[in-house]
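Here's the structure we're looking at; comments come further down.
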Amino acid sequence: MVLLTDLTIAEARDGLARKDFSSKELTEAHIRAIESARAFNAYVLETPDRAIEDAVASDKRRAKGEIGALDGIPIAVKDIFCTKGIRTTACSKILAEFVPPYESFVTQKLRQSGTVLLGKTNLDEFAMGSSNETSAFGPVLNPWKSSIDTAKLVPGGSSGGSACAVAAGLCLGATGTDTGGSIRQPAAFCGIVGMKPTYGRCSRWGIVAFASSLDQAGPMTRTVQDSAIMLSAMAGFDHNDSTSSRQIVPNFESSFEKSIKGVRIGIPDEYRVEGIDPEINELWETGIQWLKQQGAEICSISLSQTQNALPAYYIIAPAEASSNLSRYDGMRYGSRVSDVSLTKTYSKTRGGGFGPEVVRRILVGTYVLSAGYYDAYYLKAQKIRRLISEEFNNAFSDVDAILVPTSPTPAFAKGEKENDLIAMYLNDVLTVPASLAGLPAISVPAGLSKSGLPLGLQLITRSFDEETLFRVAQSIENSAGWHHRPSKFMF
Amino acid sequence: MSKLEGKTWTWETVIGLEIHAQITTKSKLFSGASTKFGALPNTQVTLVDVAMPGMLPVLNEMAVEQIVRTGLAINAEINLYSVFDRKNYFYPDLPQGYQISQFSDPIVGKGEIEIKMDDGEKRGVGITRIHLEQDAGKSIHDMDPSFTYVDLNRSGVPLMEIVSEPDLRSSAEAAAYVRKIRAILQYIGSCDGNMERGNLRCDVNVSVRRKGDPLGTRCEIKNVNSIRFLKQAIDYEANRQLNIIENGDKVTQETRLFDSVTGKTRSMRSKEEAHDYRYFPDPDLLPLQLKKSYVDRLSAELPELPDQKLLRFVNELGLSLDVAEEFVFEKEKADYFEPIATGRDAKLVANMVRKDVFGYANFHSINISDVPVTPQKYGELIDLIVEGDINNRIASEIFILMAKTGKDAEVIVQEKGLRQLSDTNELEVVIEKVIEVSEKQVAQYKNGNQKIIGWFVGQIMQKTKGQANPKVVNALLRKKLN
Amino acid sequence: MLVDKSTVLHIANLAKIEVPDGDLENLASELSHILGWVEQLNEVNTDDVIPMCSGVASMQLRLRQDKISEENQQSDVLSNAPDSRDGFFAVPKVLE
Ligand SMILES: [Mg+2]
Ligand SMILES: [Zn+2]
């Protein structure tokens, strides 16, 4: 018999509809799985009581025939979404005891569609990191293991807890947030589908901000179809977010009905960056062939600004973060370290409350905004950002989607890049350009490395063209015949 | 004081102002909390105002409308494209750790208002810009020996900051400028101008220089909240700086506070680090883009402005310039006066309301709008004068009774029998009696002392308990005496 | 080095973050490394390029009506406060 925790969202939805099992049974199976997999440290807060309550309520609704699109589906929520009455920490000491009296727009929508909340997942502190090693709750383990090495691997970051939970069967789907690749890169590392919608598609209201002009919520799931189902439930206009879009949210699941015949796929040579794993380049080549076989037209395009995206990102994101994180001062909420004077209280509270990576980024951000440096760093980066955005626009006058790898390497070992900041930052080199341009992008698991680790391919489309994104992603998924699960290594 | 007489030279004071005016709105600049004054602490605070994690600003359209109207009222450029920036600094009453303000691209650009300068000439004072920003909360330092208490009701209230060029040369000019600005804001309703509540407050930049020299080093005096204090602060500060310079020292650029008890300014405790506000465009908000048609519509709908009213009061109502200015620049006075003057003898009304109503408000230290006799009721009193039923002096007494009892003028006149004596026969009897017993005064009159007539009138008024019609009395007296 | 210890101290002061003396050296070198690396952008010609300051290049700022949409929520506002008294947030004494 198939384990309930192995189902996709679509399968679970159908099983619930057929009354093969109840939401309570489905939820209990997940609670047991979570308990048995605590070693991964994927969850920073388990909410089993709430989960059962949600599941029972869902079963009651179903009995009455009043169900939502995701009714009874157990999911996990990255601990950066504020959840009413449930501790929300952004995995920082400074918010260790914070209990929001409000619910984020996205999780509110998910609740309204009937989901069951299993708990809050681990992340890099304030979503700053690419390996989930900066969390105040400790690192998350990747459920995958190399076949040739016993080293423990990182799940990627910052949505490492969500990626791990989805990959290891600890939920059917999870929310993530992506600022420079924080959904897509861990998805690639953990062999799942991670999707970053167009900036403005999902409201940022109630999501702890990292870099406001880049942050986007998105779904993390085991299949492309699940991704589409979940995004439909998360997206939508919110009058409380000035950057929320009024674009109509289509039923993304119906994107799959059309073939990709005649779809023009751009291949930018500039994404063959230095340091990229040859295996990944090979997989990219394979992906191109798959799409060709499905009837897509492959076009070579040029995105000459690609190499400038990462340094621009590492100016813009810290600059915004340095300001966004000023509110954590121990005055109105959060932990306060009292001292003799107000100034000392501020600096002790913040110095002690933030971890080293967050401090580093706040300092970089403060520096690039400070008098005398603004033009040389911040303004320069924003101009580069415009160039990148315009270059994508030009490319999209010719092609419908762009195919590139998600990450330059498969998951690496814990601690491996701790002492080389730039090497760590280079993880985002292939995901950051789409973030700066605000474009929708998705990472789809497409193959295994020689050492048996998952590798992802990334697709990027025009703003608000998530339908094409899902359609092409599904085609990659089909061609890859992806069926791998980490369980065969772990359990 | 228009000129600084130094020991060695004639100096001049150079003044520029930043006025923070609270924009009249129901809700805050970026949240749906009320802006009402006087609520219990932290009861008009949303999760946005307290800067909870993940909270986002959404701009209030009324605040935009009011600042655009203000810009139009001072003939300023309206920038159809403007940007909200974050001004980053830490303070317990600044919840976000930054203030959302406008730095490089404000909504309102250069403008000008005209004021009467010390030399009696009217000249323009340049307005550099007006921008939108959030107010901070309130810190209360004296409720507890070891804690500061923070109330965020005011946090996020919309302000417009009106920045002037350093075009003012004396405390009197600065006061005239603030009065004019306040009147304009009150006329268009973009700010109530209430300085006691801090709804309009001034940061004053003061420097001194030898006439013709480049600008001297300036000091900024923060948060001056009355026009009287403004004058005191400028005069004190200019003299302080002059003394420093004449002693051969240099003025240090700093922020100072005005102490209304001592009338002096003092240095604010020096900041531990130089300010570096790290302004940058707020990524939670997109640039604000206005349509020209929107601005044109607001322009067409502007109400009468103080200068226009002044012209009308002088040219159409025949008021003297001084009285007209007094009324126009204290909007409460114009508001009281105008409905009464409409259709009546404006000069008479002006004289009477100044004496009775404004005198009453002043005596009782209340606002004119709180005087318990409405303009309409006061108008009825004026009508009794015009119809000859009472004279001005009795009218003033009746006004006091109206204020005290709430009764109408007509009722009081009836009850107290105050209708004035105009009956010639009755008055002749009184006049003859007075003349009979006043041989000395009659002689003086006959010897050519015309002024003595006033004494006779006084006597007659006394005999008639003030009810005699002075015009009739005058005429009859002259007839009898001749 | 682009950033020395005193610069780290200065920006840490601006950011109100206490940095132990022992960490200054290391932070100075890390920040120098990062800032040196991003300086490759100087090679790019950005003359006449309009900076892009928001996640969306084409959207218009939306305004809300001037309505009081939220009532007194003092208890929610104070619910996470480290210290509150008589409806106020209590913070360490501010000396002027
Ligand atoms: Mg100012
Ligand atoms: Zn200001």
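Just so it is clear, none of the values below were taken in a lab; they were calculated from the coordinates. Keep in mind the model is a prediction, meaning the values are calculated, not measured. Neighbour counts run over all protein chains shown; Cβ positions are idealised from the backbone, glycine included.
Some values worked out for this structure:
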read-out	value
Label point distance in nm, B:E77-B:N425, each placed 7 Å from Cα along Cα→Cβ	8.0
FRET efficiency, 1/(1 + (r/R0)^6) with R0 35 Å, evaluated for A:F237 and A:E53 via beta carbons	0.75
FRET E, pair B:V386, B:I453, Förster distance 30 Å, beta-carbon r, rounded to 0.05	0.75
Relative contact order (%) - criterion: Cα under 8 Å, at least six apart; region: chain C	20
Debye intensity ratio in log₁₀ form over the Cα atoms of region B:16-171, taken at each q of 0.08, 0.14, 0.15, 0.19 Å⁻¹	-0.28, -0.75, -0.84, -1.13
Size of region B:424-481 as Cα extents on the principal axes (Å, biggest first)	29, 20, 18
Spin-label zone in region B:457-482 - amide nitrogen under 16 Å from a point set 7 Å from the Cα of B:K446 along the C-beta vector	B:478-482
B:L168 long-range amide H proximity, modeled H, under 5 Å	B:I15
In nm, spacing of pseudo-spin labels at C:L2 and B:L215 (7 Å Cα→C-beta vector)	3.4
Tail weight of P(r) past 36 Å, computed on alpha-carbon pairs of chain B, percent	47
Sites B:E254 and C:D83, calculated FRET efficiency, Cβ-Cβ separation with R0 41 Å, nearest 0.05	0.80
14 Å reach of a label modelled at C:S75, 7 Å along Cα-to-Cβ, counting backbone N of region A:86-114	A:101
Scattering curve values for the protein assembly as shown, log₁₀ I(q)/I(0), Debye with Cα scatterers, q = 0.05, 0.06, 0.08, 0.10 Å⁻¹	-0.43, -0.57, -0.87, -1.20
Region A:88-103 - phi-based ³J(HN,Hα) in whole Hz, Karplus 6.51/-1.76/1.60, Gly and Pro as x	10, 10, 6, 6, 10, 4, 5, 10, 3, 10, 6, 10, x, x, 8, 10
For B:G54, residues with placed amide H under 5 Å, excluding near neighbours	A:A209
Point-to-point label distance, B:R228-A:Y374, nm (Cα→Cβ direction, 7 Å offset)	4.1
Stretch gain in nm, segment B:D335-B:L40, where the contour uses 0.36 nm per residue and the Cα spacing is subtracted	103.0 nm
Normalised contact order of region A:108-175, rounded percent, pairs of Cα under 8 Å and 6 or more residues apart	29
Rel. contact order, % - alpha carbon contacts under 8 angstrom, at least six apart, chain B	14
Karplus-derived 3J(HN,Hα), 6.51/-1.76/1.60, for each residue of region A:415-429, Hz, glycine and proline x	x, 4, 10, 4, 9, 10, 4, 5, 4, 5, 4, 5, 3, 8, 4
Karplus (6.51, -1.76, 1.60) ³J(HN,Hα), θ = phi - 60°, over region A:375-387, in Hz, Gly and Pro reported as x	5, 5, 9, 5, 5, 4, 4, 5, 6, 4, 4, 4, 4
Segment A:N419-A:E297, length gained on full extension (0.36 nm per residue, minus Cα span)	39.6 nm
Stokes-Einstein D in µm²/s, Kirkwood radius over Cα pairs - chain A at 20 °C with 1.002 mPa s viscosity	96
19 Å cut-off, amide nitrogen to a point 7 angstrom out along C:E39 Cα→Cβ, residues in region A:286-314	A:308-314
Magnitude of the charge dipole, the protein assembly as shown, Cβ model with Lys/Arg +1 and Asp/Glu -1, debye to 20	2240
Amide proton proximity set for A:A441, modelled H, under 5 Å, gap of 5+	A:K196
